[in-house]
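Q: I have a structure here, written as structure tokens, and I will follow up with some questions on it.
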Number of protein chains: 2
Amino acid sequence: MNDTAQSRTALPVFDDVLAAAARIAPHAHVTPVLRAHSIDALAGCELHFKAEHLQRAGAFKFRGACNAIWSLDDADAARGVVTHSSGNHGAALALAARTRGVACHVVVPEGAVAAKLAAIEAYGATLHRCAPTIAAREERCAQLQAQTGAELVHPYTDPRVIAGQGTAALELLNGAAHFDALVVPVGGGGLAAGTALSVAARSPGTALYLAEPSGAAETAASMQRGERVTEFTPDTICDGLRGTLGAPNFAMLQGHGAQVLAVDDADTVAAMRLFWQRAKQVIEPSSAVALAAVLTHRDTFAGKRVGIVLSGGNVDPDTLPALFARG
Amino acid sequence: MNDTAQSRTALPVFDDVLAAAARIAPHAHVTPVLRAHSIDALAGCELHFKAEHLQRAGAFKFRGACNAIWSLDDADAARGVVTHSSGNHGAALALAARTRGVACHVVVPEGAVAAKLAAIEAYGATLHRCAPTIAAREERCAQLQAQTGAELVHPYTDPRVIAGQGTAALELLNGAAHFDALVVPVGGGGLAAGTALSVAARSPGTALYLAEPSGAAETAASMQRGERVTEFTPDTICDGLRGTLGAPNFAMLQGHGAQVLAVDDADTVAAMRLFWQRAKQVIEPSSAVALAAVLTHRDTFAGKRVGIVLSGGNVDPDTLPALFARG
């Protein structure tokens, strides 16, 4: 195991978030913080929305991907990167790689949504199709690493990715008065773990809540059992939150004492509709879950100042009729 | 005819726009100007979007309504206002009236969308239902005026409304370098006529284009014939643009020499989808028509710096499946 690989197995710390912030500054947007007074009135608290749906490539994922790309030394950069993701991480890594002229390989399962694959290709990445199984995906990634020397950038366990995701909360905490609580969605746990680093260092009095779909609630189960639950079948419209909580992510979140709030899909769709109507912003279900958590746990947040990371806005318009029919 | 009524029959001038800007400043938002580089690339020109979908009550209509409300003398204000509109003007007038504690009566046709009526009532206006004919509507308005002394605020022919709508373009022209062209939607012509005032006074070298649905293209017909066409049956999804171009609006637009661009509904839906996907902003079809005009008349705008007024974002989520099914 060489130094780079070793460093990739260590848990990131807050200094890594600060370094990431400096590293991605020339490339990532400092996204605005939005307010919506009529939603405050409904929620019974003061909400500040960190608008990562306005981030490049439409999601916070660009932060972590960009940090990973610009952390590579020149020799590694020349060999390129590889990942497996047909969603926001794939697009984010492709765009981040383009900012440095790095070759990017994205392994995608047969049957992935054509529009999403087109976006990844439009950012200049090379697609590699594989059978829709974890085994096939890992085998194809390993093959590509062996053939090209490309480095794997995992969507949420990579410490460079976690540190990069922490910069969203860092900006939020730097920019305003004290927050009583911060709410972020949790899936694999990259955003959640990165946010935990920023909260602990910059605003330890701020309670961190993780919003999780009831149909993929293995983070809550893991926290309760005190060990990571990996056997579950996700059933949720939140396509960005179906992944299994990563091992480093679990360790970091457990250490932080973050609390998990479960949210039913119907409440997520209602929150998404509400935000579309009142704030005129397109957010995806995997983002709306955090607002839904606040709206459905009123007592927890009553009268408080609450930050919400709106993680992304990549909704396929073709899915809207079905989405809203469920609302 | 008293002085107030007389002044309401005169065409507004640019000084009225300046006065409106000062009058509404404590109440209306100075909306941001948005950019979307990937849409620039598609359009082949540089687009600056004046984000009136982020205006209070979700549309530019609040500007004109607010100007009308705060133009009333105290005696008139005590008697209240009345209008007929189940759409954005009704909601805007209701909210504007609330900013001054003025009674607001809104005449709405039987069968109007329940969600829109609920919004008007939520802003504190009193709804008055009537049969869905122009005769019934005008009769009910006249009745209410007689009973209460309330003053009529017409959605687009009222000169206070026209002057107020002109403040959106005024902000856009004040805030940036020279625009080669400005594109706004046209229905009744309140926004179009107000914009013409601001363009003529502040940036006479800027070409003004009016985007009109092909299924309600009476503005184009009126401009061609040199007289106002009032006999037509609108057939368009752009519910804010089905009204007949007003007489003062026609006179002002003819005098200005604004050009009309017709847009098919299918192109409007495609533009709306594009803006939702790339800019993550919810805009209604009656707004998207202006972007669609630019995308479908590429040669007209190639290489130019173009301002677009995004007029509103009030889409009923229940209509989304049908809207996108047409796209």
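The values are calculated or read from the model by the stated rules, or taken from the named source; none is laboratory data. In this text, all values refer to a predicted model and were calculated from it rather than measured experimentally. Ideal geometry is used to build each Cβ from the backbone, glycine not excepted, and the neighbour counts take in all protein chains shown. The area values use the complete protein model at the heavy-atom level, side chains included, leaving out ligands, DNA and RNA. Shrake-Rupley method; radii C 1.70, N 1.55, O 1.52, S 1.80 Å.
Q: Considering only region B:189-206, how many residues are open to solvent by 10 Å² or more (accessible area, probe 1.4 Å) and in a loop (DSSP other than H, G, I, E, B)?
A: 3
Q: Can you list residue pairs whose Cβ atoms sit under 7 Å apart, with the first residue in region A:165-180 being without any contact (Cβ under 8 Å) to a residue 24 or more places away in the chain and the second being surrounded by fewer than 22 Cβ atoms within 10 Å (Cβ to Cβ) and assigned to a helix (DSSP H, G or I)? Count only pairs 6 or more apart in sequence or on different chains.
A: none
Q: Being within 14 Å of chain A (Cβ to nearest Cβ) and either open to solvent by 60 Å² or more (accessible area, probe 1.4 Å) or part of a loop (DSSP other than H, G, I, E, B) (or both): is that true of B:Leu18 here?
A: It is false that B:Leu18 is within 14 Å of chain A (Cβ to nearest Cβ) and either open to solvent by 60 Å² or more (accessible area, probe 1.4 Å) or part of a loop (DSSP other than H, G, I, E, B) (or both).
Rundown of residues vs (1) within 19 Å of A:Ile283 (Cβ to Cβ); (2) under 16 Å from the mean Cα position of the chain (by Cα); (3) not charged (D, E, K, R), yes/no style:
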{"position": "A:Pro155", "(1), (2), (3)": "no, yes, yes"}
{"position": "A:Thr167", "(1), (2), (3)": "no, yes, yes"}
{"position": "A:Leu173", "(1), (2), (3)": "no, no, yes"}
{"position": "A:Leu191", "(1), (2), (3)": "yes, yes, yes"}
{"position": "A:Ala200", "(1), (2), (3)": "no, no, yes"}
{"position": "A:Pro234", "(1), (2), (3)": "no, no, yes"}
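Q: Every residue in region A:301-327 that is out of contact with any helix residue (DSSP H, G or I) (no Cβ under 8 Å at 6 or more places or on another chain) and more than 23 Å from A:Ala91 (Cβ to Cβ), please.
A: Matches in region A:301-327: A:Ala302, A:Gly303, A:Lys304, A:Arg305.
Q: Could you please give the count of residues in region B:227-250 that are at pLDDT 95 or above and among the small types (Gly, Ala, Ser)?
A: Number satisfying all stated conditions: 2.
Conditions tested, residue by residue: (1) in contact (Cβ under 8 Å) with a residue 60 or more places away in the chain; (2) more than 14 Å from A:His154 (Cβ to Cβ).
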| residue | (1), (2) |
| --- | --- |
| A:Ala77 | no, yes |
| A:Ala91 | yes, yes |
| A:Ala97 | no, yes |
| A:His105 | no, no |
| A:Glu110 | no, yes |
| A:Val113 | yes, yes |
| A:Ala118 | no, yes |
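A quick yes/no check of all residues on (1) without any contact (Cβ under 8 Å) to a residue 40 or more places away in the chain; (2) open to solvent by 20 Å² or more (accessible area, probe 1.4 Å); (3) more than 25 Å from B:Ile134 (Cα to Cα):
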{"residue": "B:Ala211", "(1), (2), (3)": "no, no, yes"}
{"residue": "B:Gly215", "(1), (2), (3)": "no, yes, no"}
{"residue": "B:Glu218", "(1), (2), (3)": "yes, no, no"}
{"residue": "B:Ala221", "(1), (2), (3)": "yes, yes, no"}
{"residue": "B:Gln224", "(1), (2), (3)": "yes, yes, yes"}
{"residue": "B:Arg228", "(1), (2), (3)": "yes, yes, no"}
{"residue": "B:Asp239", "(1), (2), (3)": "no, yes, no"}
{"residue": "B:Arg242", "(1), (2), (3)": "no, yes, no"}
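Q: For the structure I just gave you, tell me whether B:His48 is crowded, with 22+ Cβ neighbours inside 10 Å and under 20 Å from B:Gln277 (Cα atoms).
A: Details: crowded, with 22+ Cβ neighbours inside 10 Å: no; under 20 Å from B:Gln277 (Cα atoms): yes.
Here the answer is no, as B:His48 does not meet what is asked.
Q: Looking at (1) within 14 Å of chain A (Cβ to nearest Cβ); (2) at pLDDT 95 or above; (3) in contact with a strand residue (DSSP E or B) (Cβ under 8 Å, 6 or more places away or on another chain), find the lone condition where B:Ala271 falls short.
A: So B:Ala271 meets the others, but not (3).
Q: Identify all residues within region A:274-311 that are more than 9 Å from chain B (Cβ to nearest Cβ) and on the phi > 0 side of the Ramachandran plot; write none if there are none.
A: Passing the criteria: only A:Gly303.
Q: Find the helices (runs of 4 or more DSSP H) located wholly in region A:69-148 whose residues include 2 or more that are over 22 Å from the mean Cα position of the chain (by Cα) and surrounded by fewer than 24 Cβ atoms within 10 Å (Cβ to Cβ), and list them.
A: Filter on region A:69-148 gives A:74-79, A:134-148.
Q: Can you tell me which residues in region A:262-278 are over 15 Å from A:Val309 (Cα atoms) and hydrophobic (A, V, I, L, M, F, W, C)? Steps first, answer last, please.
A: Filtering region A:262-278 for residues over 15 Å from A:Val309 (Cα atoms) gives A:262-267, A:269-270, A:273-274, A:276-278.
Result: A:Ala262, A:Val263, A:Ala266, A:Val269, A:Ala270, A:Leu274, A:Trp276.
Q: Cβ-Cβ under 9 Å, sequence separation 6+ or interchain: first residue in region A:146-159 and of a type in the set (A, V, I, L, M), partner open to solvent by 40 Å² or more (accessible area, probe 1.4 Å). Which pairs?
A: Sorted first by the residue in region A:146-159, then by its partner, the pairs are A:Ala150/A:Arg79; A:Ala150/A:Ala103; A:Leu152/A:Arg8; A:Leu152/A:Ala142; A:Leu152/A:Gln145.
Q: Every residue in region B:50-61 that is within 12 Å of chain A (Cβ to nearest Cβ) and assigned to a strand (DSSP E or B), please.
A: B:Ala51, B:Ala59
Q: Considering every residue within region A:300-308, establish whether at least one is over 20 Å from A:His37 (Cβ atoms) and open to solvent by less than 50 Å² (accessible area, probe 1.4 Å). Talk me through it step by step, then tell me what you get.
A: Here is the first cut: in region A:300-308, the residues over 20 Å from A:His37 (Cβ atoms) are A:300.
Next, from what is left, pick out any that are open to solvent by less than 50 Å² (accessible area, probe 1.4 Å): A:300.
Yes, region A:300-308 contains at least one residue that is over 20 Å from A:His37 (Cβ atoms) and open to solvent by less than 50 Å² (accessible area, probe 1.4 Å).
Q: Okay, moving on. Starting from residues that are facing chain B (nearest Cβ under 8 Å) and among the small types (Gly, Ala, Ser), keep the ones in region A:312-327 and report whichever is farthest from the chain's Cα centre (by Cα).
A: Here the residue is A:Ala325.
Q: So which residues in region B:23-43 are free of Cβ contacts under 8 Å to residues at least 24 places away in the same chain, open to solvent by less than 70 Å² (accessible area, probe 1.4 Å) and not in a loop (DSSP other than H, G, I, E, B), if there are any at all?
A: Of everything in region B:23-43, just one residue is free of Cβ contacts under 8 Å to residues at least 24 places away in the same chain, open to solvent by less than 70 Å² (accessible area, probe 1.4 Å) and not in a loop (DSSP other than H, G, I, E, B), namely B:Asp40.
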